[in-house]
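The values are calculated or read from the model by the stated rules, or taken from the named source; none is laboratory data. All values derive from a computational prediction rather than experimental measurement. Note that we place each Cβ from the backbone using ideal geometry, even for glycine, and neighbour counts take in every protein chain shown.
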Amino acid sequence: MRELAILTFVTLDGVMQAPGMAEEDTSGGFSHGGWAANFWPAVMEQVEREAMAQPFDLLFGRKTYELFAGHWPNAPESDHGRKLNDARKYVVTSTLTELNWQNSVAVSGDAAEEITRLKNTEGPLLQVHGSWQLIQALLAAELIDELRLWTFPVVTGNGKRLFDTGTLPSNLELVKSDTTSTGVVMGIYRSAS
């Protein structure tokens, strides 16, 4: 059996929508995209060290998969890009018929059932990057073993929140924390129950 961890960037007010680019996700009229961009160098160094040093497979929702697949296969060569490109990628989708990014596999049907089945297979850690709608389903089904959160000293006021309406109450244990020189706080949490 393998574990599932989410890796997410959030604002101080809990928004995870469109951290990288203005046009990344404007749904709901969100106009604050790119809020994390000024902090990338220190954060990505920490992400590499703390969350991507061990083998992993990726689990994506369709929209985040399309965003990553549109960038990483053609990005300049880097260790980060190589890890993402080489990883097996599971994509929760009911609409995509072709997955052109190498090592990509569609996951269809009931997402909670299919991800439970996937967790019961042999393999490395499953990591979810971004994928707001998928994270909401995983939270509701209590399938997340670890939350790897980077909290940025930014407030957007609105947007898709990590812990949205309907999130089940739970107690978490902080297992590791660190801060970048630019004030971004890393917190790695596991269920305390």
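Restricting T165, T156, T151, T121 to residues that are surrounded by fewer than 15 Cβ atoms within 10 Å (Cβ to Cβ), at pLDDT 95 or above and either under 19 Å from K63 (Cα atoms) or of a type in the set (S, T, N, Q) (or both) narrows the list to T121.
Here's the yes/no breakdown for (1) of a type in the set (A, V, I, L, M, F, W, C); (2) part of a loop (DSSP other than H, G, I, E, B); (3) closer than 21 Å to F68 by Cβ; (4) touching a strand residue (DSSP E or B) at 6+ places or on another chain (Cβ under 8 Å):
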| residue | (1), (2), (3), (4) |
| --- | --- |
| V128 | yes, no, yes, yes |
| Q133 | no, no, yes, yes |
| I144 | yes, yes, yes, yes |
| T165 | no, yes, no, no |
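Scanning the stretch 14-44 for residues that are farther than 25 Å from A111 by Cβ, in contact (Cβ under 8 Å) with a residue 40 or more places away in the chain and either touching a strand residue (DSSP E or B) at 6+ places or on another chain (Cβ under 8 Å) or surrounded by 13 or more Cβ atoms within 10 Å (Cβ to Cβ) (or both) gives H32, W35, A36, F39, A42, V43.
With respect to the conditions (1) loosely packed, with under 15 Cβ neighbours inside 10 Å; (2) closer than 22 Å to W150 by Cα; (3) modelled with pLDDT of 95 or more, I6 lacks only one, and its number is (1). The residues of the stretch 55-93 that are among the polar types (S, T, N, Q) and within 13 Å of the chain's Cα centre (by Cα) amount to a single one, T64.
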